[in-house]
Amino acid sequence: QSQADDVDGWIELGARYAMLRRWGEASAAYARAIGLIGGVDPGVTGAWAEATVNANQGVVTQDARLGFEQTLEARPGDPRARYYLALATAQAGDGLAALQQWSDLALESPPGASWVPALRDRIERVADELGVDPAPYLAGPSMMDDEALASIEDMTEEQRAAMIDGMVSNLAARLEDEPEDVAGWLRLANAYRVQGRDTEAAMALDQAALHAPDDPQILSQLVDMLLADWRGGPLPAGLVLALERLVVLVPDDPRALLFLGEEAESSGDVERARRYWSDLQALLEPGSVEYEAVGDRLDSLPAP
């Protein structure tokens, strides 16, 4: 039996409970270890968060989400944290964004990785729930069958890169003839993003939004992409347009309210800025850091 201050003992106990699928006890044991460590150990914090999710019938609670975010900050790229944070996104109602996050993980996962079967299953299930084709999201070597993998094993890095470029070019060419294929534009945007071609990725997402103008999930992805590409200064016109379209569909989207308030203030429309930021503050927990920060922005506006 573990000593009260034996970190390794609590970690081992947590692992044993997890093997027995006694998730509540596993979560409690890992929590004791975290308390003794006094900080974030990505392995232990991630294991605690995963046990907490399983103890809650697969729901990513706020505490578990924070644990995965801390894990990812301490260990960038951590596949477990990325998988569950995408699940949290899906459970928050943004299944399409979750599929994109899982697709990114699939692209970066090595063939045979232990998490690949669960990743494939989750992509297929969520795609089925949304009524979309899962194929665009089952990308990368980890999702290939053995025959397809064998065909690229002997390729050099340059040959593999050329093959991927060819696939991306073929998809882009097909979409010129089939521009209403929203899933195709999303797949192309994802491919461009993985290649580091952010401007082209944003253009592909813009095409997806153009052909699904009333789909808030696609608009949300477009906003995320454009915000990631923004380097400060005045908001680009395309981003403002996307935010304005998004806030019509989702009036309580915090990003839209925040940045449209920024744009209104910079253009001298004080009342519009006040309206956006007042709506944003109403969504936040009174007394929270975010609530106070938005309050400071409101106080900085000239009196009516």
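Observations on the structure shown:
- Here 107, 149 are screened, and the one residue that is farther than 29 Å from residue 220 by Cβ, at pLDDT below 80, open to solvent by less than 70 Å² (accessible area, probe 1.4 Å) and assigned to a helix (DSSP H, G or I) is 149.
- Some residue of the stretch 20-36 being closer than 20 Å to residue 116 by Cβ and assigned to a helix (DSSP H, G or I): no
- Taken over the stretch 168-184, the residue count meeting the criterion of being outside any helix (DSSP H, G or I), over 23 Å from the mean Cα position of the chain (by Cα) and among the charged types (D, E, K, R) is 2.
- Residues in the stretch 112-133 that are open to solvent by less than 70 Å² (accessible area, probe 1.4 Å) and modelled with pLDDT under 85 were compared, and the one that is nearest to residue 186 (Cα to Cα) is 132.
- The criterion of being assigned to a helix (DSSP H, G or I), among the small types (Gly, Ala, Ser) and farther than 19 Å from residue 102 by Cα does not hold for residue 64.
- For residue 66, the conditions (1) surrounded by fewer than 17 Cβ atoms within 10 Å (Cβ to Cβ); (2) of a type outside the set (Asp, Glu); (3) at pLDDT below 90 are fulfilled apart from (3).
- Test: residue in the stretch 225-233 that is buried (at least 16 other Cβ atoms within 10 Å of the Cβ) and within 28 Å of residue 254 (Cα to Cα): yes
- Qualifying positions in the stretch 247-285 - in a helix (DSSP H, G or I), surrounded by 13 or more Cβ atoms within 10 Å (Cβ to Cβ) and small (Gly, Ala, Ser): 256, 261, 264, 273, 278
Residue-by-condition table, conditions (1) under 26 Å from residue 98 (Cβ atoms); (2) of a type in the set (Asp, Glu):
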| site | (1), (2) |
| --- | --- |
| 168 | yes, no |
| 172 | yes, no |
| 176 | no, yes |
| 197 | yes, no |
| 204 | yes, no |
| 217 | yes, no |
| 223 | yes, no |
| 233 | no, no |
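- Among the residues of the stretch 286-303, those identified as farther than 16 Å from residue 257 by Cα and either open to solvent by 90 Å² or more (accessible area, probe 1.4 Å) or assigned to a loop (DSSP other than H, G, I, E, B) (or both) are 286, 287, 288, 289, 299, 302, 303.
- Residue within the stretch 74-96 that is surrounded by 18 or more Cβ atoms within 10 Å (Cβ to Cβ) and aromatic (Phe, Trp, Tyr) present: yes
- Residue count for the stretch 193-204, restricted to those that are surrounded by fewer than 16 Cβ atoms within 10 Å (Cβ to Cβ) and small (Gly, Ala, Ser): 1
- Matching residues in the stretch 205-224 - criterion: being acidic (Asp, Glu) and open to solvent by 60 Å² or more (accessible area, probe 1.4 Å): 206, 214, 224
The values are calculated or read from the model by the stated rules, or taken from the named source; none is laboratory data. Keep in mind that what you see is a predicted model, and the values were worked out from it rather than measured. No Cβ is skipped: glycine too gets one built from the backbone with ideal geometry, and neighbour counts run over all protein chains shown. Just the protein is used for accessible areas: all its heavy atoms, side chains included, with ligands, DNA and RNA removed. Shrake-Rupley method; radii C 1.70, N 1.55, O 1.52, S 1.80 Å.
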